There are 2 protein chains.
Amino acid sequence: MAPKAKPAHHSEHEWEQRATETLADSGYRSGGARTAVVELLAGQDCCLSAQQIHDRLRERDRKVGIASVYRALEVLEGEELVHRLEVGEGGSRYEPALPGGDHHHHVICDDCGKVTAFEDPPLEDAIEKLAGRLPHMVSTHDVIIHGRCAGCS
Amino acid sequence: MAPKAKPAHHSEHEWEQRATETLADSGYRSGGARTAVVELLAGQDCCLSAQQIHDRLRERDRKVGIASVYRALEVLEGEELVHRLEVGEGGSRYEPALPGGDHHHHVICDDCGKVTAFEDPPLEDAIEKLAGRLPHMVSTHDVIIHGRCAGCS
DNA sequence: GTTTTTTTGTGACCGAGTCTGGTTATGAGA
DNA sequence: TCTCATAACCAGACTCGGTCACAAAAAAAC
């Protein structure tokens, strides 16, 4: 029902490959910092903050500047390769955008701050129908559920 | 379908009254700044940023400090009288919380930044059912739809 | 009206995110 | 392979939303 953390499977490498190609096609050069960010994100399935990305890269001895992380994320978001979401607590989070609307949403524990992903087809359905009724050109959507996780009750 | 800006009607005064009572019951004294914030919010039906609240109060010659605005909002959120939401673009927004789950969600135009409210019973329904399936004690939820408004297309 | 306690405003402060300038790496063309 | 224009990089300065600390002002309690 609520897949916790899917183990690495092929779609992640697919994403990395797609990302690399898309960036090249759009005329971006292959610098170290951006590549490192793409590699890290590829191995990740749920959202990370820019700071987390920065820290993890340093742990792996990829000394990229924080500004480069933001720049890379900005480019990736522009190419619709990552999805940025605001999750409260001041600060955006980023996750790889999988193709074909295959996406999940997030539950936040207001106690411990833990973020968990979930998928729910009926919810997607309701949103899709709703999108047709709005006078907007709908591109993406985020659903954020607040509550208290099992551990904090 | 998507009510733009409902004219002031009784529920707003109800909210103001309820807010005042709740605050008094919880032992808060009636200072000028918090009262001003409550009054302003009561006349508002959709979300405002702290900065917007601060500015509008100054326009009305209520010289409240920005810290007081944040403090008032923090208290009101704690009493579940206002709902805080993250809408992107760095910064929270606040709106009066109407009783009984009677709430709306928001569409953001990624071009001009305009925020519009909408209601959608089927969506609420899907979320309610989903909440039962999650291992969390769900308290609130936000749905944020990104797109391009009619004016920006 | 005096005392006690909350509330308020100011200004210093913090941290996420952005911008800038100078440096380094990339890739295309000779 | 060498050159060179340009993209990408990093560090550090800066912006801006939000918080903290503290002294002054205002409520309630007496």
Against the conditions (1) of a type in the set (A, V, I, L, M, F, W, C); (2) under 29 Å from B:R93 (Cβ atoms); (3) surrounded by 15 or more Cβ atoms within 10 Å (Cβ to Cβ); (4) within 11 Å of DNA strand D (Cβ to nearest atom), where does A:A50 fall short? Just the number, please.
(4)
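Tell me yes or no: at least one residue of the range A:127-142 is outside any helix (DSSP H, G or I), within 16 Å of DNA strand C (Cβ to nearest atom) and under 20 Å from B:I108 (Cα atoms). I'd like the intermediate steps shown before the answer.
Applying the first criterion (outside any helix (DSSP H, G or I)) to the range A:127-142 yields A:134-142.
Among the residues that remain, those that are also within 16 Å of DNA strand C (Cβ to nearest atom) are: A:142.
Next, from what is left, pick out any that are under 20 Å from B:I108 (Cα atoms): A:142.
Yes: the range A:127-142 contains one or more residues that are outside any helix (DSSP H, G or I), within 16 Å of DNA strand C (Cβ to nearest atom) and under 20 Å from B:I108 (Cα atoms).
Each row is one residue, and each column tells you yes or no for (1) loosely packed, with under 14 Cβ neighbours inside 10 Å; (2) modelled with pLDDT of 90 or more; (3) over 13 Å from the mean Cα position of the chain (by Cα).
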{"residue": "A:A24", "(1), (2), (3)": "yes, yes, yes"}
{"residue": "A:S30", "(1), (2), (3)": "yes, no, yes"}
{"residue": "A:A42", "(1), (2), (3)": "no, yes, no"}
{"residue": "A:R62", "(1), (2), (3)": "no, no, yes"}
{"residue": "A:L73", "(1), (2), (3)": "no, yes, no"}
{"residue": "A:L81", "(1), (2), (3)": "no, yes, no"}
{"residue": "A:R93", "(1), (2), (3)": "no, yes, no"}
Pairs, first closer than 19 Å to A:E21 by Cβ in the range A:75-103, second small (G, A, S) and at pLDDT 90 or above, C-beta under 6 Å, six or more apart
A:L81/A:A19
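Could you check the range B:46-59 and list, in sequence order, the residues that are in contact (Cβ under 8 Å) with a residue 12 or more places away in the chain and either of a type in the set (A, V, I, L, M, F, W, C) or more than 27 Å from B:F118 (Cα to Cα) (or both)?
Once the filter is applied, which keeps residues that are in contact (Cβ under 8 Å) with a residue 12 or more places away in the chain and either of a type in the set (A, V, I, L, M, F, W, C) or more than 27 Å from B:F118 (Cα to Cα) (or both), the range B:46-59 yields B:C46, B:C47, B:L48, B:A50, B:I53, B:L57.
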Tally up the residues in the range B:89-107 that are touching a Ser or Thr at 6+ places or on another chain (Cβ under 8 Å), more than 11 Å from DNA strand D (Cβ to nearest atom) and facing chain A (nearest Cβ under 10 Å), please.
1
Residue list for the range A:25-78, filter: part of a loop (DSSP other than H, G, I, E, B) and more than 26 Å from A:I108 (Cα to Cα)
A:S26, A:G27, A:Y28, A:R29, A:S30, A:G31, A:R60, A:D61, A:R62, A:K63, A:V64, A:G65
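What is the residue count in the range B:79-114 for residues that are part of a loop (DSSP other than H, G, I, E, B), touching a His at 6+ places or on another chain (Cβ under 6 Å) and more than 14 Å from DNA strand C (Cβ to nearest atom)? First the steps, then the outcome.
Just the residues of the range B:79-114 that are part of a loop (DSSP other than H, G, I, E, B), to begin with: B:79-81, B:87-91, B:97-104, B:110-114.
So of that shortlist, the ones also touching a His at 6+ places or on another chain (Cβ under 6 Å) come out as B:97, B:110.
After this cut, where a residue has to be more than 14 Å from DNA strand C (Cβ to nearest atom) as well, the list is B:97.
Summing the residues that are part of a loop (DSSP other than H, G, I, E, B), touching a His at 6+ places or on another chain (Cβ under 6 Å) and more than 14 Å from DNA strand C (Cβ to nearest atom) in the range B:79-114 gives 1.
The values are calculated or read from the model by the stated rules, or taken from the named source; none is laboratory data. Computed from a predicted model, the values in this text were never measured in an experiment. Cβ sites come from the backbone with ideal geometry, for glycine too, and all protein chains shown count toward neighbours.
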